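The values are calculated or read from the model by the stated rules, or taken from the named source; none is laboratory data. Everything quoted here is computed from the prediction, not taken from an experiment. Quick reminder, even Gly has a Cβ in these numbers, built from the backbone with ideal geometry, and neighbours come from all protein chains shown. Ligands, DNA and RNA are excluded from the accessible area calculation, which covers all protein heavy atoms including side chains. Shrake-Rupley method; radii C 1.70, N 1.55, O 1.52, S 1.80 Å.
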Amino acid sequence: MRNLQFDVISETAPGDKFRRLFSKSWPAYRAWYLDEGEAARPSYLECINALETYMPELLPLYRQLLELLDCDDLQARFLSLYCPPPFYSGCSQLIYKKEQCALIRNYDFPAFLCEGTILRSQWRDKKIIGMADCVWGILDGLNDAGLAVSINYGGRLVEGKGFGITIVVRYVLETCSTVAEAVAAFKRIPVHLDYNIALLDQAGNHATLFIAPDRAPCVTQATTSTNHQGPPEQDKPLFLEDSIPRLDALNRLAAPGDSCLQDTIPHFLQPPLYRSHETCASGTLYTAVYNPLAGQVSYIWPHHSLQLTFDQFPEQTLDIHYVV
C-alpha cells in the first residue's frame with residue numbers, strides 16, 4: 001500500500017500557512033534543484049530579469065514571497081522557477097463538451113514526489129483553486145473568472161531555456177479570464193520542456209496547445225491529449241508506450257453519443273486511463289474535474305471524492321491509499 005496525504009488549504013494572501021508549506025517542502029525541493037549542481041541553475045539576476053520580461057505582473061507577488069520567507073539566494077532562484085531541472089509526468093486530459101462542459105484530467109506521477117496541496121488563494125484580484133506544485137506553481141486549476149487549465153508532459157524529451165510550466169499556469173490563472181487570453185500568454189512565455197495545455201473557459205471556449213522550447217506553439221481545437229505531440233516518429237519510441245492507447249480511450253469518450261459527464265468520469269478510474277502504481281513508476285495520483293460555469297472542482301480517487309467551490313472550501317487533510 002502506498003499513501004499520499006492531500007492538504008486542503010485556504011489562505012487569501014501568502015502568510016503563515018504558505019510559510020509552513022515552504023518549510024515542509026524546501027528540503028526535498030532543494031535536493032531536486034541542486035540535482036545537476038548549483039552551477040547548472042541560472043543566477044538570481046537571470047531569474048528576476050526573466051520574470052520582469054515575461055511575467056511582470058507576478059513580480060510584486062514574487063518579492064512578497066521572498067520577504068515573507070526570508071529567502072536566501074538559492075531559495076529565491078528556485079522560486080522563480082526559471083530554468084529548473086527537468087521533471088516528467090504522465091497524465092491524460094479530456095475537454096468534455098456534451099450536455100455540459102468540463103475539463104477532466106488524470107495526474108500521473110510518483111506518489112513520493114507529489115506535494116499534495118490543494119490551495120484556494122486570492123493573491124491578486126482573482127480567486128484560484130488549484131493543485132500546487134513547487135509551492136506556488138499550479139499543476140491544474142480554476143479561477144473565479146471561469147478559466148480552467150491543466151497540463152501534461154508532451155513526451156519529446158527536448159530541453160531549452162524557459163520557465164517551469166507550473167509557474168506559467170499560476171501566471172495564466174492570475175491574469176487571464178478567457179481561453180483567448182490564456183493562449184496569448186502561453187504563446188509568448190518560454191518554457192523549458194514540451195507540454196500539452198488544456199484550456200476551457202466559462203463561455204465553453206476551449207483549446208489544446210502543444211508547446212515546446214524549440215518550436216512555435218501549436219494551437220488546436222483538440223479535446224484530448226496524453227503524452228505525445230502529433231503522430232509518433234518512425235523507429236523512435238514514445239516517452240510512455242501507453243500514450244496512444246490512453247489517447248484512443250479519451251477519443252472514444254469525446255465522440256458523440258448519449259453518455260453524460262457522470263458516465264464519463266468513472267473511465268478515468270479504470271485502465272488504460274488509470275495507471276496502476278504496481279506497474280507504472282508514474283501511477284495516477286488523482287482525477288480532477290473542473291466545471292468553469294458552476295465554479296466547481298472535484299478531486300476523485302477510486303475510494304474517495306472531494307467537491308469544492310470558491311464559497312464552500314472546508315480545510316481538511318485526506319489520507320489516500322494506493323494499492324501497489
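Below are the figures for this structure:
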item: Rel. contact order, % - alpha carbon contacts under 8 angstrom, at least six apart, the chain; result: 23
item: Computed log₁₀ I(q)/I(0) - Debye formula, equal Cα scatterers, no solvent, the chain, q 0.14 Å⁻¹; result: -1.11
item: Among beta bridges that DSSP assigns inside the chain, antiparallel share in %, nearest 5; result: 95
item: Cα-based reach from Lys97 at 13 Å (exclusive), listing aspartates and glutamates while leaving out same-chain residues under 8 positions away; result: Asp201, Asp258
item: Those lysines that a straight Cα-Cα span of less than 20 Å connects to Lys187, excepting residues fewer than 8 apart in one chain; result: Lys161
item: Within the range 245-316: Cβ-based charge dipole about Cα centre, in debye rounded to nearest 20 (Lys, Arg +1; Asp, Glu -1); result: 220
item: Contour excess over end-to-end distance, with Cα ends at Glu159 and Ser305 and 0.36 nm allotted per residue; result: 49.0 nm
item: Extension gain from Asp319 to Cys218, taking 0.36 nm per residue of separation minus the Cα-Cα distance; result: 32.5 nm
item: Mean Cβ neighbour count within 10 Å, used as a protection proxy, ranking 309-317, 262-270 highest first; result: 262-270, 309-317
item: Cα-based reach from Lys127 at 23 Å (exclusive), listing lysines while leaving out same-chain residues under 8 positions away; result: Lys17
item: Of all accessible heavy-atom area on the chain, the percent that carbon and sulfur account for (1.4 Å); result: 51
item: Solvent-accessible area per residue for the chain (1.4 angstrom probe, square angstrom); result: 41
item: Cβ crowding within 10 Å averaged over residues, with 78-88, 246-256, 184-194 ranked highest first; result: 78-88, 184-194, 246-256
item: Unit charges at the beta carbon, dipole of the chain: most positive-side option, Ile211, Pro190, Ala294; result: Ala294
item: Chain lengthening between Glu278 and Thr178 when straightened (0.36 nm per residue, less Cα-Cα); result: 32.1 nm
